[in-house]
Amino acid sequence: MDDGTSEDVPVLIVGGSLVGLSAALFLRCHGIDVLAVERHAGTAIRARAGHFHLRTVEILRSAGLEDAVRRKSEEQYPPDGGINNVESLAGREIANYFPNLNAGVDEFSPTIRLFINQDALEPILRARAEKLGARLRYGAECMSVEQDADGVTAVIRDLSSGAQSSVRAKYVVAADGNRSPVREQFGIVMRGHGLLSHSITIYFRALADLGPLLKDRNQGVHYVTNPLMRGFFRLDRSGNAGFLVVNLVGDTSRPEVIAAFPSAPWANVAEGITEQRALELLRAAIGVPEIPVVIENIATWRAEANCADRFRDGRVFLAGDAAHVVPPNGGYGGNTGVQDAHNLAWKLALTLAGVAGPGLLDSYDAERRPVGELTVEQAFTRYVMRVAPYLGTENTQPIVDDFSMEIGYRYNSPAVVLEPGSQPLHEHPRESKGRPGARAAHVFVHRDGTRLSTLDLFGRNFVLLAGPEGHGWRAAALAAAHDLGVTVDAYLVGGADLADADGSFFEAFGISPSGAVVVRPDGFVGWRAVTAAAAPEKVLRQVIQALLCRGDGKP
Ligand SMILES: Cc1cc2nc3c(=O)[nH]c(=O)nc-3n(C[C@H](O)[C@H](O)[C@H](O)COP(=O)(O)OP(=O)(O)OC[C@H]3O[C@@H](n4cnc5c(N)ncnc54)[C@H](O)[C@@H]3O)c2cc1C
């Protein structure tokens, strides 16, 4: 029963797990008041996501969390882990997908890829979000969301007292997971490859040292391919604990094993799973019949590859698994969700500040849905290649390399001043070179004798980076920002403000010493001028108007 109380908040977040917490954190970084409601009593209690991509760690770095996350990661996992495929831990190595997770990353990023368990990451996100003033309410379920012309009214139930109250918000972020009640309520449909398997995760601890089996190959993630099962281990730094995912049972390489899908027993290990059966599977995956192990928990879940057909309904935005669900192969689910939240946060903030046009919020769907769809396809391709070759390659996209997936996806939307020519959805970061729509490149610069990455300049405001002859650009940017009510941080690189530490800035951003780029608050290039322009004030005013989707201010 509604107890009659009502509270107002600019943004209500439904779901307080990985993506809800990320949204709360990023919105607070932009100074927006938020309330997140989560039906569980606290943050995640089990590891699911563990592999965090470069872009996610870059974003966490910009939210001040890189050190905390890297420290926790090193406690939990070998820092130079990787991903391989074995017959069993004791058996032969079949493939090695990533010998070292971080091979080659320093060319592109000031940070690294890492493994950290979701149940260890979420408290770090939570602490930071709360420190910045986010209100996070656990044991609270969102029962309904209704919207009108001015806002959204949500009914929230306190699960310990049963009391119901209402929350009035301008916008809702639905980070309520793959079954997203909010998505259902608004009739948003999921499309894609559908259900792939009823999978299980066996959380375990070995009572014997698995080290001798692993030899020198404790990499973090080990796919397992043998006639009994297909799945993967994620082993912690000790090599003796972690989890085993089992997606398929039986020898799916034999056509006669493949029967009616998806109810076939080989794709439904979850149904009726017992501890005894889990123990058999675990021992088969370890490859030592009587090895003493303790099973701590068994979780059942559906491996799916689907994307929502729209990410927005009026004032309601889907983020994370609510918007796209992928099999864990490639570690895309949580990463993509964190990046959704990051894309949305600055747009909500500038809209709430009254300085953006309505198109800026439209650009969330225009930018993130193509990335969601690409991610679903690429995760599906990796699932087929690593776990379910029996599905065949007919319905799979060719693999897109990991750098292009992680830091090479591009936004082709009205919130970018695109340059003429083709606009690929993804590009290798070595190719994009400051093209509008791409993630702005990392190069090292020096400020007052301190070495920092260009990425450290982004996150809060628009940023103008101009060459040493770009005084006109800088003055114009500051004037336009003042007129339009936004903040632009403006720097001359290779001039007085920032030294081009390694001499790579101009190539990385594709401009000459008289040119300039404007980087959006999410670290994506919004506009670029390769050389000087005749009337920089006019140009930059139109650019910033365009990036804010205000009117038709095309330069
Ligand atoms: C075995 C496994 C391994 C994985 N490995 C990786 C990996 O390595 N890397 C990676 O990036 N991803 C990985 N993932 C995927 C990742 O775990 C998910 O993508 C991620 O948890 C999605 O986060 P989310 O916040 O969107 O959704 P969820 O984590 O599902 O959280 C949604 C939250 O919303 C809450 N909620 C729902 N409805 C309501 C309501 N009405 N009111 C209040 N609260 C509500 C739920 O209680 C839940 O806590 C893996 C998944 C699995 C299963």
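The values are calculated or read from the model by the stated rules, or taken from the named source; none is laboratory data. None of the values given here were measured: they were computed from a predicted structure. Here the Cβ is made from the backbone with ideal geometry for all residues, glycine too, and neighbour counts use every protein chain on show. To get the accessible areas, we keep the full protein, side chains included, count just its heavy atoms, and leave off ligands, DNA and RNA. Shrake-Rupley method; radii C 1.70, N 1.55, O 1.52, S 1.80 Å.
List of remarks:
- Per-q log10 I(q)/I(0), the chain, q = 0.06, 0.10, 0.12, 0.13 Å⁻¹ (Debye; single scatterer per alpha-carbon; no solvent): -0.31, -0.84, -1.17, -1.32
- Burial ranking of peptide ranges 335-345, 412-422 (average Cβ count within 10 Å, highest at the top): 335-345, 412-422
- In degrees, nearest ten, helix 18-29 long axis to first principal axis of the chain (Cα): 20 degrees
- Segment 260-395 - convex hull of the alpha-carbon atoms, volume per residue in Å³: 150 Å³
- Summarising the strand pairing of the chain, around 70 percent of its internal DSSP beta bridges are antiparallel.
- Building the convex hull from the alpha-carbon atoms of segment 383-503 and averaging its projection over directions returns 10.8 nm².
- Degrees between helix 536-547 axis and first principal axis of the chain (Cα, 0 to 90, nearest 10): 30 degrees
- Solvent-accessible area, 1.4 Å probe, carbon plus sulfur percent, for the chain: 51 percent
- Members of K131/K170; K433/K538; K131/K538; K72/K170; K131/K433 lying beyond 31 Å, as alpha-carbon distances in this model show: K131/K538; K72/K170; K131/K433
- Taken per residue, the accessible surface of the chain reaches 38 Å², heavy atoms only and a 1.4 Å probe.
- Applying Stokes-Einstein at 4 °C and 1.567 mPa s to the Kirkwood radius of segment 428-555, computed over alpha-carbon pairs, gives a translational diffusion coefficient of 91 µm² s⁻¹.
- For the chain, the longest principal axis of the C-alpha atoms and the axis of helix 359-386 are separated by about 30°.
- Ordering of 204-212, 384-392 by burial proxy (mean other Cβ atoms within 10 Å per residue, highest first): 384-392, 204-212
- Spherically averaged projected area in nm², based on the convex hull that wraps the Cα atoms of segment 1-105: 10.4 nm²
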